[in-house]
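The values are calculated or read from the model by the stated rules, or taken from the named source; none is laboratory data. Worth saying up front: this structure is predicted, and the values here are computed from it rather than measured. FYI the Cβ positions are ideal-geometry reconstructions off the backbone, even for glycines, and counts take in every protein chain you see.
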Amino acid sequence: MKVAVVGATGLVGTKMLQVLAERNFPVTELIPVASAKSVGKEITFKGKQYKVVSVEDAIKQKPDLALFSAGGSASLEQAPMFAEVGTTVVDNSSAWRMDPTKKLVVPEVNAHVITAEDKIIANPNCSTIQMVVALKPLHDKYKIKRVVVSTYQSVTGTGVKAVDQLFNERKGIDGPKAYPYTIDLNVLPHIDVFTDNGYTKEEMKMIKETRKIMGDDSIRVTATAVRIPVIGGHSEAVNIEFENDFDIAEVTELLSKAPGIVVVDDVANLKYPMPLDAHEKDEVFVGRIRRDESQEKTLNCWIVSDNLRKGAATNAVQIAEYLMANHLIGQTVEA
Ligand code: 2RA
């Protein structure tokens, strides 16, 4: 499979290359792509050096698959150019996620919606991905009415500049700022830009994307997205109200058996998910599973995952693996 990684020098692009290699995705030809300032740079993939090329050069090579992490405007312009030459694009930006003609996919939840005609497939927002992986088995069993989520998000979700800001501040070095305020030893209740309703775009993504991925517009979601000075992954405190009552032992069992989930919930031994433990893992970790005693049929839990992996690169590669396994890629579609 001829594979282009667009945005190959960024945090997510680098992680995509790492995950493709780790999972032994059958890359017969790799085309690392980046913006003009990175063209000609070298990247390493499976011990071999590759030169970064321009989008135009990559399109000429007609890759079978392009994993995109190049930002929304680049994706809006360039993903259709790849699609036109027959490439299937899996895009990590927010550009196509809510487009009704595009599929928004978390393989554990809704891979079945993909068809061979889908040439641009959207990878959801990191904080949404880890939440829906945990919500899906519970929704299937008890039917979710409402979700109240507060996030504790890693600076890696913002990119290299934010990681540098955190470590520079820690060392007392003045440098470029990704955030409007100090992030070290601080907490910012602000991720992405504010919208007219007082919510941030990150919060609105969690609301809208959850419904689309779960295929159920009746699920009510409200979110507060918060940036914290952490790098290993995103954490979420999630309160879930169901239509039907549940049993805690059964909830734990359901989550333990669900694909992509590891339950870490043994408070007697102080075991619960943390970003330090989730870092560099592909699973979604769930713990602090308990009944909300203030309201019937309502559950509290704590969900942690590496946002660059399951929240971005791993989910994109899993979509590509699904395309391959189901022969939905690398074939010309009859009009
Ligand atoms: C963040 N959701 O953590 C973003 C990354 N996609 O800021």
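Quick notes on this one:
- Checking every residue in the stretch 122-132 against the condition of being crowded, with 17+ Cβ neighbours inside 10 Å, more than 16 Å from the ligand (Cβ to nearest atom) and either farther than 19 Å from Lys212 by Cβ or under 13 Å from the mean Cα position of the chain (by Cα) (or both) gives zero matches.
- Verdict on Pro107 being modelled with pLDDT of 95 or more and more than 13 Å from the chain's Cα centre (by Cα): no
- Scanning the stretch 118-141 for residues that are in a helix (DSSP H, G or I) and in contact (Cβ under 8 Å) with a residue 24 or more places away in the chain yields a total of 15.
- Screening Ala249 with (1) surrounded by 12 or more Cβ atoms within 10 Å (Cβ to Cβ); (2) on the phi < 0 side of the Ramachandran plot gives one miss only, at (1).
- Filtered by the rule that a residue be more than 11 Å from the ligand (Cβ to nearest atom), of a type outside the set (Lys, Arg) and in a loop (DSSP other than H, G, I, E, B), the stretch 167-180 gives Gly172, Ile173, Asp174, Gly175, Pro176, Pro180.
- Verdict on Ala312 being in contact with a helix residue (DSSP H, G or I) (Cβ under 9 Å, 6 or more places away or on another chain), surrounded by 23 or more Cβ atoms within 10 Å (Cβ to Cβ) and either of a type in the set (Val, Ile, Thr) or touching a residue at least 40 places away in the same chain (Cβ under 8 Å) (or both): yes
- Subset of the stretch 282-309 that is closer than 24 Å to Cys126 by Cα and among the β-branched types (Val, Ile, Thr) - its residue that is surrounded by the most Cβ atoms within 10 Å (Cβ to Cβ): Val284
- Within the stretch 89-117, residues that are within 23 Å of Gly10 (Cβ to Cβ) and away from the ligand (no atom under 16 Å from the Cβ) reach partners that are of a type in the set (Ser, Thr, Tyr) and modelled with pLDDT of 95 or more with beta carbons closer than 6 Å, at six or more positions or on different chains, in the pairs Pro107/Tyr322.
- Residue selected from the stretch 24-64 under the condition in contact (Cβ under 8 Å) with a residue 40 or more places away in the chain and touching a Gly at 6+ places or on another chain (Cβ under 8 Å), by the criterion surrounded by the fewest Cβ atoms within 10 Å (Cβ to Cβ): Lys62
- In the stretch 191-206, the residues that are more than 22 Å from Asp217 (Cα to Cα) and modelled with pLDDT of 95 or more form Cβ pairs under 6 Å with partners that are among the hydroxyl-bearing types (Ser, Thr, Tyr) and more than 9 Å from the ligand (Cβ to nearest atom), at six or more places apart or across chains, as follows: Ile191/Thr200; Asp192/Thr200; Phe194/Thr200.
- Qualifying positions in the stretch 255-288 - assigned to a loop (DSSP other than H, G, I, E, B) and either within 12 Å of Trp302 (Cβ to Cβ) or in contact with a strand residue (DSSP E or B) (Cβ under 6 Å, 6 or more places away or on another chain) (or both): Gly260, Val264, Asp265, Tyr272, Pro273, Met274, Glu283
- Within the stretch 148-166, none of the residues are within 16 Å of the ligand (Cβ to nearest atom), surrounded by fewer than 24 Cβ atoms within 10 Å (Cβ to Cβ), outside any helix (DSSP H, G or I) and more than 22 Å from the chain's Cα centre (by Cα).
- Residues of the stretch 181-193 satisfying the condition of being more than 14 Å from the ligand (Cβ to nearest atom) and loosely packed, with under 12 Cβ neighbours inside 10 Å: Tyr181, Leu185
- Matching residues in the stretch 30-54 - criterion: being under 23 Å from the mean Cα position of the chain (by Cα) and among the small types (Gly, Ala, Ser): Ala34, Ser35
- Residues of the stretch 194-229 satisfying the condition of being assigned to a helix (DSSP H, G or I), more than 10 Å from the ligand (Cβ to nearest atom) and in contact with a helix residue (DSSP H, G or I) (Cβ under 8 Å, 6 or more places away or on another chain): Glu209, Thr210, Ile213, Met214
- For the stretch 71-109, residues that are outside any loop (DSSP other than H, G, I, E, B) and basic (Lys, Arg) total 1.
- Yes/no for Glu321 being assigned to a helix (DSSP H, G or I) and charged (D, E, K, R): yes
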